[in-house]
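Reading through the structure tokens given below for one structure.
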């Protein structure tokens, strides 16, 4: 037992010798240090904004508008990000793409002599056809679910507000541009169709 006590005493002596005197004499408070604040992540705007994506479930393509060429154009891209194609590069610009329900055509808007008009084209950009020839802008085309008609917005008729400004109305036509007629007759602007 004497040997055990000697070993314990020796260990305590060695432990005391290794510990600085200041820590033996004074107790330090336990300090909790807060982690540094997390950096704020902000997105940086791209130089080529992408607007109005329109997915197409049949062929795995997306139609979108971008100004990456210096003007707004309608592009298509595969859903994996490959095979980007500018479909309206030959026009002054392209906006508001809308897929036909069968996925074979895209209706869109492009200005002609500074006035927006509705066009269609095949999904590869071929068979470009102007459908409207109005003195006031025609824009935001959308297909009916059965694909038999295209609806769009225009202020082409003489419906005006109390300041004599044309009021946007909804119109409908066949995909070849025939049988155009007004759908709405409102003193309020029609802003969008879906």
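Within segment 109-120, does at least one residue satisfy the condition of being over 19 Å from residue 170 (Cα atoms), more than 20 Å from the chain's Cα centre (by Cα) and assigned to a strand (DSSP E or B)?
Yes, segment 109-120 contains a residue that is over 19 Å from residue 170 (Cα atoms), more than 20 Å from the chain's Cα centre (by Cα) and assigned to a strand (DSSP E or B).
Going by the structure shown, is residue 173 touching a residue at least 40 places away in the same chain (Cβ under 8 Å) and more than 24 Å from residue 77 (Cα to Cα)? Lay out the reasoning, then the answer.
Details: touching a residue at least 40 places away in the same chain (Cβ under 8 Å): yes; more than 24 Å from residue 77 (Cα to Cα): yes.
It is true that residue 173 is touching a residue at least 40 places away in the same chain (Cβ under 8 Å) and more than 24 Å from residue 77 (Cα to Cα).
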Worksheet item: Given (1) in a loop (DSSP other than H, G, I, E, B); (2) surrounded by fewer than 14 Cβ atoms within 10 Å (Cβ to Cβ); (3) at pLDDT 50 or above; (4) touching a strand residue (DSSP E or B) at 6+ places or on another chain (Cβ under 6 Å), where does residue 48 come up short, assuming only one miss?
Response: (3)
Practice prompt. Considering only segment 164-179, state which residues are modelled with pLDDT of 95 or more, part of a loop (DSSP other than H, G, I, E, B) and surrounded by 14 or more Cβ atoms within 10 Å (Cβ to Cβ).
Written response: 175, 177
Item to complete: Kindly list, by first and then second residue, each pair from a residue in segment 54-71 that is within 19 Å of residue 142 (Cβ to Cβ) to a residue that is modelled with pLDDT under 90 and surrounded by 13 or more Cβ atoms within 10 Å (Cβ to Cβ), limited to pairs with Cβ atoms under 6 Å and residues at least 6 apart or on different chains.
Response: 63/54; 64/50; 65/52
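The values are calculated or read from the model by the stated rules, or taken from the named source; none is laboratory data. What you see is a predicted model, and the numbers here were worked out from it, not measured in a lab. Cβ: placed from backbone, ideal geometry, glycine included. Neighbour counts: every protein chain shown.
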